[in-house]
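What follows is a single structure, written as structure tokens, with notes after it.
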């Protein structure tokens, strides 16, 4: 079982430290000779995230798993077990998702088989709100450049296209009311939460279905998959804030960078599970994962940020535009910037 | 509603609670929020009247006249209500799941009362909006909202942080930060038409 393997590694990491300090000392115990190759592997892949902490944690985990029974799903403590993380652990997991490395498997190294729901839930919530807020801000800034756009805080959109918003002005699809009128926060929240929960569900289901093909590595549990996806969305937070800067190439660059980091994290995590499958299934699965991720990113960008091509704006629109916003004074009229 | 220290010698009399006493209790909690000290008053004698009053006031002020409701981009009364109460419940659940030893209604009480600075900010913003619009107008409102936002966070943290295990305080406080940030955003982007 994977957990037992990990315990074995952790025990011998302490031995590794001892050996490293005193390489010439004769090993007092015979059993240290046996797991030398295990020691070597642990040194390579375990990293040095506080070896002593790992030993203590794994000892504690082993004890707890022996003692406690899994409480039923109707009890509160069942759900409490999914929030059993400390601040430092959450920060470490976030860091791990920001910097994916080919050898490092997110689930094994950062989650250590103890997934949590705190990270995915609050990262998704933050992302939804940040998307809505920055989408709002983009409208405000766009209006400063082009006063023919009427600003109204996009908690809703205007209920009818062209009613509160001047047709022919710039603005995102949201502002033009071409998409169904729904509160921006609701749209963002629904989209992100659906993605972060349904896609892992589908992925987990698929991996379970293909379980028979794999020998060595068991599939991830559902919660671990949700965790991986949730934490991988964290890199979009600074990206969305960067999208405020209305420089198109910068927006696409930061979007591509975030997508690359995020998708890389996902791929590196899934690769050990998938590589034992048939080549076709592996490639297919990974490309679908990356594709869905890309769809989410571009969908958010287009819905909340991307200005649609300006229709020719006739000057009379200026005269019929709404009273000046009280948020910012309208700048003197000038030709609409791109 | 939590009972304040009733006289223990009244077993059967159905004396109606005097309104003034309740109002005084609510007022006292308002003062505790405005001058946050580490005291247990909010936690011990929790009540939900204060949060209700604040939430209704905030929702009313954030609403515009229904005449403009078609061009209206702002939140409606029910939305503000739902956001405040749903947000408070979510944060409370979160802190309980993380292992905090605060009761459900105590937490709701604290979060609701700590909206008071932001309600004050809303009042100030509405007054400022009566003046001439312009960048200075915006900067004043931004400043007021930021200060009140910080005040809300400090006040609620003073009451809530002690109930969390020490290595999870930040995890419990972050959702509070997000919650008040969203409310502050709603206040800041309010434009009457």
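The values are calculated or read from the model by the stated rules, or taken from the named source; none is laboratory data. Computed from a predicted structure; not experimentally measured. Note that each Cβ is placed from the backbone with ideal geometry, even for glycine, and that neighbours are counted across all protein chains shown.
For residue B:69, the criteria (1) at pLDDT 80 or above; (2) over 25 Å from residue B:45 (Cβ atoms); (3) within 12 Å of another protein chain (Cβ to nearest Cβ); (4) surrounded by fewer than 18 Cβ atoms within 10 Å (Cβ to Cβ) hold in every case but one, which is (1). Among the residues of segment A:88-124, those that are within 11 Å of another protein chain (Cβ to nearest Cβ) and buried (at least 20 other Cβ atoms within 10 Å of the Cβ) comprise A:89, A:90, A:116, A:118, A:119, A:121, A:123. Among the conditions (1) at pLDDT below 80; (2) assigned to a helix (DSSP H, G or I); (3) within 25 Å of residue A:112 (Cβ to Cβ), residue A:215 misses just one, which is (2).
When segment B:73-87 is examined, which residues are found to be surrounded by fewer than 22 Cβ atoms within 10 Å (Cβ to Cβ) and either in a helix (DSSP H, G or I) or more than 14 Å from chain A (Cβ to nearest Cβ) (or both)? Within segment B:73-87, B:77, B:78, B:79, B:81, B:82, B:83, B:85, B:86, B:87 qualify.
Which residues, taken from segment A:87-131, are over 17 Å from the mean Cα position of the chain (by Cα) and modelled with pLDDT of 85 or more? Once the filter is applied, which keeps residues that are over 17 Å from the mean Cα position of the chain (by Cα) and modelled with pLDDT of 85 or more, segment A:87-131 yields A:87, A:88.
For segment B:92-103, the tally of residues that are at the interface with chain A (Cβ under 10 Å from one of its Cβ atoms) and assigned to a helix (DSSP H, G or I) stands at 5.
The residues of segment B:104-133 that are within 13 Å of chain A (Cβ to nearest Cβ), surrounded by 14 or more Cβ atoms within 10 Å (Cβ to Cβ) and assigned to a loop (DSSP other than H, G, I, E, B) amount to a single one, B:133. Scanning segment B:19-37 for residues being surrounded by fewer than 10 Cβ atoms within 10 Å (Cβ to Cβ) and not in a helix (DSSP H, G or I) gives a total of 2. The single condition among (1) facing chain A (nearest Cβ under 10 Å); (2) free of Cβ contacts under 8 Å to residues at least 24 places away in the same chain that residue B:143 does not meet is (1). Residue B:124 satisfies every condition listed in (1) within 15 Å of the chain's Cα centre (by Cα); (2) modelled with pLDDT of 90 or more except (1). Before we move on, is residue B:161 surrounded by fewer than 19 Cβ atoms within 10 Å (Cβ to Cβ), in contact with a helix residue (DSSP H, G or I) (Cβ under 9 Å, 6 or more places away or on another chain), closer than 21 Å to residue B:30 by Cα and within 14 Å of another protein chain (Cβ to nearest Cβ)? Criteria met by residue B:161.
Does segment A:286-304 contain any residue that is at pLDDT below 85, more than 30 Å from residue B:135 (Cβ to Cβ) and more than 26 Å from the chain's Cα centre (by Cα)? Within segment A:286-304, none of the residues are at pLDDT below 85, more than 30 Å from residue B:135 (Cβ to Cβ) and more than 26 Å from the chain's Cα centre (by Cα). Of note, residue A:167 does not satisfy the criterion of being modelled with pLDDT under 85 and under 19 Å from the mean Cα position of the chain (by Cα). Of the residues making up segment B:174-193, those that are surrounded by fewer than 19 Cβ atoms within 10 Å (Cβ to Cβ), at pLDDT below 90 and more than 7 Å from chain A (Cβ to nearest Cβ) are B:192, B:193.
If you check A:259, A:270 for being modelled with pLDDT under 85, under 18 Å from the mean Cα position of the chain (by Cα) and crowded, with 19+ Cβ neighbours inside 10 Å, only one passes: A:270.
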